[in-house]
Amino acid sequence: MDAAEFRRRGKEMVDYVADYLENIEKRPVYPDLEPGYLRSLIPNEAPLEPESYEDIIKDVERVIMPGVTHWHSPYFFAYFPAASSYPAMVADMLCGAIGCIGFSWAASPACTELETVMLDWLGKMLQLPECFIAGTHGRGGGVIQGTASEATLMSLLAARCKAVRRVQAINAKKSESEILSKLVAYTSDQAHSSVERAALIGAVMMRKVPTDNHYAVRKEMLKKMVEEDKAAGLIPFYFCATLGTTPSCAFDHLTELGPLCNEENMWMHIDAAYAGSAFVCPEFRPLLNGVEFADSFNFNPHKWLLVNFDCSAMWVKERADIIGHWQIPLGRRFRSLKMWFVFRMYGLKGLQAHIRKQVALAKEFESLVRADKRFEICAEVVLGLVCFRLKGSNELNQELLKRITKSREIHLVPCQLSGRFVLRFAICARSTESHHIQQAWQHITQLTFELLQEATGQYSPTAVQDNHSVTKVKLCSFEALSYIQINSIFITFLCSDRKIILR
Ligand SMILES: *Cc1c(COP(=O)(O)O)cnc(C)c1O
């Protein structure tokens, strides 16, 4: 492909991308395939002779698209959002063209400098304390990591170095390996799996702190564990707090936990991978109160701030703590370009509008769920995630999700909360509107209706003859059904809580 062909194909690709995104809701959101589907569709070896661009692009629809889970479909409600916007995609093209490996200032000054300034811009949008902002008198600053997982690992490694130095400053005879074997890190029992993995890679012990009934870590529980461990001769050195946990979007109590960590000389890292983007809105900023106690803070603009993957923003209070290991790889892409394009083309107001719109959609879904007595909300809806379930057994909810997944009209994933199987409904795509939410709920209630109707066969309700023409039915497992089969006749009934009046 020479420059002339690139001009033509590049423009065609832009059209393909725009068509794909404009018409994405016509595609089934979740693929209908068996694992291993792809291998039989393409040759076993790379071609010896060059092939034409036409042949490749034809295979995109034949081979690739059938196997894509469409994260940017307005019917995608699984996991957490993956950010996407046109300015970010355009900037990524430029990043590809410059193609520098920005491992040092000299390797590409613009790459290093724009990143520092973008992290300052973003930090100011979040009203981070000045100590985290590089262009001030503070000693802190920001860096782009690939993922939140890497940010957590970097913070843990920095904390580990610092703890070793601190112990050796008091007792120079202690060997590093002796100290390492005594270090203990803490995180919530609701924390992301990447936190536990960071401890595994960092070769330190990690303990899970039990959470309260809002799935948040409170000071008392952490304090108790830290004291037990100190009494056992261990060295508490690190706590990873979560703002916006993955299962239910719960918030650890930073204003209680921060001072404790500071007193105990424990590094406090904050993982706000999803929720962090919301802090650009003043009304959600109080959720970040207590960040002033943290040593490092991280969130993913690639989740909810319209900057395409990968872009995870990390700030530290003391640059000196992580200099020498700002990141795991040597090479770095010019990722700040996509932040620059997005921040300028949306403006702070545009970013706030995006967050507010999606929170409003979550609230809309929440009210639909609350209005239906068969369902319950399982955790407070603070941002764009709604955790809900059918009142009833885990098996019943598993079956409902199975049917939702199989229908391929909408896509969601479950979580476990206090041993209960819960459905997570996250507002994800930028193109999701109110009518998609209404349609998704319509679909869920339709599948629920069918499920409960079938289930009556299995869980035959006990009918109790009442005085006159009214029969009360006590349901075994379900709160409400529209039809019930008694003596082989379908009878419509009105439902009031557990008592069902037959007409
Ligand atoms: C999504 C998520 C992560 C993982 O993010 P990556 O960038 O993929 O590593 C970590 N923590 C929380 C709370 C998350 O929601």
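The values are calculated or read from the model by the stated rules, or taken from the named source; none is laboratory data. Quick caveat: nothing in here was measured; it's all calculated off a predicted structure. Counting neighbours? That spans all protein chains shown, and the Cβs are built from the backbone with ideal geometry, glycine included.
If you go through the range 16-25 one residue at a time, how many are free of Cβ contacts under 8 Å to residues at least 60 places away in the same chain and either under 18 Å from ASP59 (Cβ atoms) or not in a helix (DSSP H, G or I) (or both)? Let's see the steps before the verdict.
Here is the first cut: in the range 16-25, the residues free of Cβ contacts under 8 Å to residues at least 60 places away in the same chain are 16, 18-20, 22-23.
Adding the requirement that they be either under 18 Å from ASP59 (Cβ atoms) or not in a helix (DSSP H, G or I) (or both) leaves 16, 19-20, 23.
Result for the range 16-25: 4.
Kindly list the number of the only condition in (1) assigned to a helix (DSSP H, G or I); (2) within 33 Å of the chain's Cα centre (by Cα); (3) surrounded by 11 or more Cβ atoms within 10 Å (Cβ to Cβ) that fails for PRO28.
Every listed condition holds for PRO28 apart from (1).
Within the range 204-237, how many residues are closer than 20 Å to GLU292 by Cα and within 16 Å of the ligand (Cβ to nearest atom)?
Within the range 204-237, residues that are closer than 20 Å to GLU292 by Cα and within 16 Å of the ligand (Cβ to nearest atom) number 2.
Does CYS240 satisfy the condition of being at positive phi, crowded, with 23+ Cβ neighbours inside 10 Å and within 16 Å of the ligand (Cβ to nearest atom)?
On the way: at positive phi: no; crowded, with 23+ Cβ neighbours inside 10 Å: yes; within 16 Å of the ligand (Cβ to nearest atom): yes.
For CYS240, the condition - at positive phi, crowded, with 23+ Cβ neighbours inside 10 Å and within 16 Å of the ligand (Cβ to nearest atom) - is not met.
Pick out the one residue from GLU376, GLU366 that is under 15 Å from SER248 (Cβ atoms), buried (at least 16 other Cβ atoms within 10 Å of the Cβ) and out of contact with any helix residue (DSSP H, G or I) (no Cβ under 9 Å at 6 or more places or on another chain). Reasoning before the result, please.
Working: GLU376 fails: out of contact with any helix residue (DSSP H, G or I) (no Cβ under 9 Å at 6 or more places or on another chain).
Of the residues listed, the single one that is under 15 Å from SER248 (Cβ atoms), buried (at least 16 other Cβ atoms within 10 Å of the Cβ) and out of contact with any helix residue (DSSP H, G or I) (no Cβ under 9 Å at 6 or more places or on another chain) is GLU366.
Conditions first: (1) in contact (Cβ under 8 Å) with a residue 60 or more places away in the chain; (2) under 27 Å from ILE144 (Cβ atoms); (3) among the aromatic types (Phe, Trp, Tyr). TYR30 passes all but one, so which condition is the exception?
All conditions pass for TYR30, except number (2).
When you look at ARG356, is it charged (D, E, K, R) and assigned to a helix (DSSP H, G or I), yes or no? First the steps, then the outcome.
Values: charged (D, E, K, R): yes; assigned to a helix (DSSP H, G or I): yes.
Criteria met by ARG356.
If I ask for residues that are touching a Pro at 6+ places or on another chain (Cβ under 9 Å) and either surrounded by fewer than 24 Cβ atoms within 10 Å (Cβ to Cβ) or modelled with pLDDT under 95 (or both), which ones from the range 295-339 would you list?
Once the filter is applied, which keeps residues that are touching a Pro at 6+ places or on another chain (Cβ under 9 Å) and either surrounded by fewer than 24 Cβ atoms within 10 Å (Cβ to Cβ) or modelled with pLDDT under 95 (or both), the range 295-339 yields only LYS317.
I want to confirm something. Restricting to the range 183-203 and keeping residues that are surrounded by fewer than 19 Cβ atoms within 10 Å (Cβ to Cβ) and under 20 Å from GLU228 (Cβ atoms), which single residue is nearest to the ligand (Cβ to nearest atom)?
This residue is GLU196.
Every residue, every condition in (1) charged (D, E, K, R); (2) under 24 Å from PHE449 (Cβ atoms); (3) touching a Ser or Thr at 6+ places or on another chain (Cβ under 9 Å); (4) touching a residue at least 40 places away in the same chain (Cβ under 8 Å), yes or no:
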residue: GLN352; (1), (2), (3), (4): no, no, no, yes
residue: PHE388; (1), (2), (3), (4): no, yes, no, no
residue: ASN397; (1), (2), (3), (4): no, yes, no, no
residue: PRO414; (1), (2), (3), (4): no, yes, no, no
residue: VAL422; (1), (2), (3), (4): no, yes, yes, yes
residue: GLU433; (1), (2), (3), (4): yes, no, no, yes
residue: ILE437; (1), (2), (3), (4): no, yes, no, yes
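Could you please find all residues in the range 173-192 being among the basic types (Lys, Arg) and at pLDDT below 95? Show your work before the answer.
As a first pass, look at the range 173-192 and keep what is among the basic types (Lys, Arg): 173-174, 182.
Result: LYS173, LYS174.
If you check every pair at least six apart or on different chains, which have Cβ atoms under 6 Å apart with a residue in the range 176-199 that is outside any helix (DSSP H, G or I) first and a residue that is polar (S, T, N, Q) and more than 10 Å from the ligand (Cβ to nearest atom) second?
These pairs meet every condition: SER188/THR211; ASP189/THR211; GLN190/THR211.
It is to be established whether one or more residues within the range 135-146 are more than 16 Å from the ligand (Cβ to nearest atom), assigned to a strand (DSSP E or B), closer than 30 Å to ALA82 by Cβ and in contact (Cβ under 8 Å) with a residue 12 or more places away in the chain.
Restricting attention to the range 135-146, the residues satisfying the condition of being more than 16 Å from the ligand (Cβ to nearest atom) are 135-141.
Narrowing further to those that are assigned to a strand (DSSP E or B): 141.
Those still in the list that are closer than 30 Å to ALA82 by Cβ too: 141.
When the remaining residues are screened for being in contact (Cβ under 8 Å) with a residue 12 or more places away in the chain, the result is 141.
Looking for residues that are more than 16 Å from the ligand (Cβ to nearest atom), assigned to a strand (DSSP E or B), closer than 30 Å to ALA82 by Cβ and in contact (Cβ under 8 Å) with a residue 12 or more places away in the chain, one finds at least one in the range 135-146, hence yes.
Looking only at the range 33-69, which residues are more than 21 Å from GLU12 (Cβ to Cβ), in contact (Cβ under 8 Å) with a residue 24 or more places away in the chain and either in contact with a Cys (Cβ under 8 Å, 6 or more places away or on another chain) or assigned to a loop (DSSP other than H, G, I, E, B) (or both)?
Passing the criteria: LEU33, TYR37, LEU38, THR69.
From the list GLY67, GLY123, GLY102, GLY36, pick out the single residue that is over 19 Å from GLY146 (Cα atoms) and in contact with a Phe, Trp or Tyr (Cβ under 7 Å, 6 or more places away or on another chain). So that I can check it myself, show each step before the final result.
Details: GLY123 fails: over 19 Å from GLY146 (Cα atoms); GLY102 fails: over 19 Å from GLY146 (Cα atoms); GLY36 fails: in contact with a Phe, Trp or Tyr (Cβ under 7 Å, 6 or more places away or on another chain).
After ruling out the rest, the residue left standing is GLY67.
Does the range 54-72 contain any residue that is within 16 Å of the ligand (Cβ to nearest atom), under 30 Å from SER277 (Cα atoms) and either of a type in the set (Phe, Trp, Tyr) or out of contact with any His (no Cβ under 8 Å at 6 or more places or on another chain) (or both)?
For the range 54-72, residues within 16 Å of the ligand (Cβ to nearest atom), under 30 Å from SER277 (Cα atoms) and either of a type in the set (Phe, Trp, Tyr) or out of contact with any His (no Cβ under 8 Å at 6 or more places or on another chain) (or both): present.
Pick from the range 278-320 the residues that are among the β-branched types (Val, Ile, Thr) and farther than 24 Å from GLU380 by Cα: which of them is nearest to the ligand (Cβ to nearest atom)?
Taking the range 278-320 as the starting set, the residues that turn out to be among the β-branched types (Val, Ile, Thr) are 280, 291, 307, 316.
When the remaining residues are screened for being farther than 24 Å from GLU380 by Cα, the result is 307, 316.
On the way: VAL307: 12, VAL316: 17 Å.
Filtering the range 278-320 for residues that are among the β-branched types (Val, Ile, Thr) and farther than 24 Å from GLU380 by Cα, the one nearest to the ligand (Cβ to nearest atom) comes out as VAL307.
Could you say which residue among VAL307, VAL342 is among the β-branched types (Val, Ile, Thr) and outside any loop (DSSP other than H, G, I, E, B)?
On the way: VAL307 fails: outside any loop (DSSP other than H, G, I, E, B).
Testing whether each residue is among the β-branched types (Val, Ile, Thr) and outside any loop (DSSP other than H, G, I, E, B) leaves just VAL342.
Looking at THR255, THR245 in this structure, which one is within 13 Å of the ligand (Cβ to nearest atom), among the β-branched types (Val, Ile, Thr) and either at pLDDT 95 or above or not in a loop (DSSP other than H, G, I, E, B) (or both)?
THR245
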